[in-house]
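Nothing in this text is a laboratory measurement; each read-out follows from the coordinates by a stated rule. From a predicted model like this one, the values you see are computed outputs, not experimental measurements.
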Ligand code: SF4
């Protein structure tokens with residue numbers, strides 16, 4: 001997912017994005033709205049439908065792996081990244097960390 005934020009009124013963020021995998025993201029543009037929850041409460045079925053739309057876009061994206069790696073590394077708490085939602089990314093991280101010491 002591409003998320004460009006203005007930081008201090010400079011073009012640093014934009015320049016960084018233009019030099020990264022994010023320029024090849026299939027979710028750039030108006031369809032990006034389905035990758036994050038709306039500002040209003042979302043019913044379970046609405047969320048499922050929105051996430052399916054987003055995951056369908058991810059399925060054909062050429063930068064899915066770097067996108068997912070990025071989200072996992074940053075522990076992105078929200079949205080669809082690399083075809084996975086928050087809970088699915090937590091499960092990946094949990095599997096990678098192995099069994100916990102008791
Ligand atoms: S994998 Fe999905 S979220 Fe990531 S850049 Fe591609 S379309 Fe966007």
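Here the contact order of the stretch 19-97, divided by its residue count and restricted to Cα pairs under 8 Å and six or more residues apart, works out to 32 percent.
Expressed as a fraction of 2.2 N^0.38 Å, the C-alpha radius of gyration for the stretch 19-97 is 1.08.
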